[in-house]
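The values are calculated or read from the model by the stated rules, or taken from the named source; none is laboratory data. Quantities reported herein were computed from a predicted structural model and do not represent experimental measurements. No Cβ is skipped: glycine too gets one built from the backbone with ideal geometry, and neighbour counts run over all protein chains shown.
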2 protein chains.
Amino acid sequence: MQFGLKSITMDDIARKVGVSKKTIYQFFSDKNSIVYKSVHEHFSDHRSEIEKVLDNSKDSIEAMYRISKCMKMQVEAINPTVLYDLQRYFPKAYKRFLDFKNTFMRERMKIILENGIKSGYFRKEINPEILIIQRIEQVQLAFNNDIFPRDKFDFKEIHEQLFDHFIHGLLTKKGKEKYNQYLNEEHDA
Amino acid sequence: MQFGLKSITMDDIARKVGVSKKTIYQFFSDKNSIVYKSVHEHFSDHRSEIEKVLDNSKDSIEAMYRISKCMKMQVEAINPTVLYDLQRYFPKAYKRFLDFKNTFMRERMKIILENGIKSGYFRKEINPEILIIQRIEQVQLAFNNDIFPRDKFDFKEIHEQLFDHFIHGLLTKKGKEKYNQYLNEEHDA
């Protein structure tokens, strides 16, 4: 995550872990399988994290806010070249990422939006499926150095702006009151 | 725009225009230069159209609404393979498109948002530059068949959902009243 996947060698990994290359090859056939296993574990952990957030959120607004915070932290921790390397050189691991993003995340976030509509916090005119797909892609867009060059934009501000705008686009009047109340509690906490 | 740029031959063009290939070569050195000239004209026309909309809109809400309608019509008229072909096979023409999208459109739409904040229609917390970049990319996202497969999603609905959500994310209470009033007038017109 820190240095990118392409440039790391089996020697680097052995040195970092403090074992011989021979030992590593007892568990992994090649770098490909280390990358796949790491990516798989990474998104399994992330999945558990998201499930926990959903179980512990008292309403859709809190769930959206906390999941967005998770996504931001995840995104901040990843070197932007990692996804590019995955897509280009590690297709099986990249597919694992796409499954997480396009199946798991879409399904879970769609449910949050549907619940938010039922509670009267989110506008009933919204199409949850379309907006969630757009939201997930938007989180990835903040990664794109051609679109948001890092020397010009502050990563944290992009995320905060996109989340705050996204949720305001969903909220009813009742939802806006709840959101502001939630922000104040978060701020005091 | 209808059949894509890669598969069209000079013979097709000559037949469609009803002149000989020899005549075409008197004006254009090759297909590349026809593509560049067409793309250039296309975005020059689109630029004039946008300028006219800006001149004739009485406030930022109307300007956003009408520009979005322009973008939707433009997007609907273009075969999705065209942009892909441009990027891959006609880099000079693709650059013309990027100039339009990343310089002209960003600048003009940023001004709309800034004016909307001044008028009290758009929330003062928004960062116009970040949100406009995201909005322009979002319009292109609706194109992406991997993200929004055409057999599953209605193009028109994607655009309406994304615009309606985008503007709701900007609006103040005062702005919301103005927007609803504007929609009613549009609907009656």
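Among A:I126, A:I147, A:I132, which is the only one that is β-branched (V, I, T), in contact (Cβ under 8 Å) with a residue 12 or more places away in the chain and facing another protein chain (nearest Cβ under 9 Å)?
Details: A:I147 fails: in contact (Cβ under 8 Å) with a residue 12 or more places away in the chain; A:I132 fails: facing another protein chain (nearest Cβ under 9 Å).
None of the others qualify; the one that does is A:I126.
Report yes if A:N115 is surrounded by fewer than 14 Cβ atoms within 10 Å (Cβ to Cβ) and either within 14 Å of the chain's Cα centre (by Cα) or not charged (D, E, K, R) (or both), otherwise no.
When the stated conditions are applied, A:N115 does not pass them.
Might you check whether a residue that is more than 18 Å from the chain's Cα centre (by Cα) and surrounded by 15 or more Cβ atoms within 10 Å (Cβ to Cβ) occurs anywhere in the stretch A:139-149?
yes
Quickly run through the stretch B:15-40 and pick out the residues that are farther than 23 Å from B:N79 by Cα and assigned to a helix (DSSP H, G or I). Spell out how you get there, then give the answer.
From the stretch B:15-40, those farther than 23 Å from B:N79 by Cα are B:18-29; that's our starting set.
The answer is B:K21, B:K22, B:T23, B:I24, B:Y25, B:Q26, B:F27.
Residues being surrounded by fewer than 16 Cβ atoms within 10 Å (Cβ to Cβ), more than 9 Å from chain A (Cβ to nearest Cβ) and within 19 Å of A:N127 (Cβ to Cβ): count how many of those fall in the stretch B:153-179.
3
Give the residues of the stretch B:77-105 that are among the aromatic types (F, W, Y) and closer than 23 Å to B:D30 by Cα, sorted by residue number. Spell out how you get there, then give the answer.
Filtering the stretch B:77-105 down to residues among the aromatic types (F, W, Y) leaves B:84, B:89-90, B:94, B:97, B:100, B:104.
B:Y84, B:Y89, B:F90, B:Y94, B:F97 - these are the residues of the stretch B:77-105 that are among the aromatic types (F, W, Y) and closer than 23 Å to B:D30 by Cα.
Report yes if some residue within the stretch A:72-79 is of a type in the set (A, V, I, L, M, F, W, C), within 11 Å of another protein chain (Cβ to nearest Cβ) and in contact (Cβ under 8 Å) with a residue 12 or more places away in the chain; otherwise report no. Show your work before the answer.
Step one: of the stretch A:72-79, the residues of a type in the set (A, V, I, L, M, F, W, C) are A:73, A:75, A:77-78.
Those left that are additionally within 11 Å of another protein chain (Cβ to nearest Cβ): none.
There is no residue in the stretch A:72-79 that is of a type in the set (A, V, I, L, M, F, W, C), within 11 Å of another protein chain (Cβ to nearest Cβ) and in contact (Cβ under 8 Å) with a residue 12 or more places away in the chain.
Filtering the stretch A:59-70 down to residues that are out of contact with any Phe, Trp or Tyr (no Cβ under 8 Å at 6 or more places or on another chain) and surrounded by fewer than 20 Cβ atoms within 10 Å (Cβ to Cβ), which residue is nearest to A:I117 (Cα to Cα)?
Checked the stretch A:59-70; the qualifying residue nearest to A:I117 (Cα to Cα) is A:R66.
What's the number of the only condition in (1) within 13 Å of chain A (Cβ to nearest Cβ); (2) within 22 Å of B:I50 (Cα to Cα) that B:Y182 fails to meet?
So B:Y182 meets the others, but not (1).
In the stretch A:84-189, which helices (runs of 4 or more DSSP H) lie fully inside it and hold 1 or more residues that are under 29 Å from A:H40 (Cβ atoms)?
On the way: elements: A:91-99, A:106-118, A:128-141, A:155-170, A:173-188.
Result: A:91-99, A:106-118, A:128-141, A:155-170.
Identify the single condition in (1) within 29 Å of A:E157 (Cα to Cα); (2) surrounded by 15 or more Cβ atoms within 10 Å (Cβ to Cβ); (3) at pLDDT 90 or above that A:A93 does not satisfy, given that it satisfies every other one.
(1)
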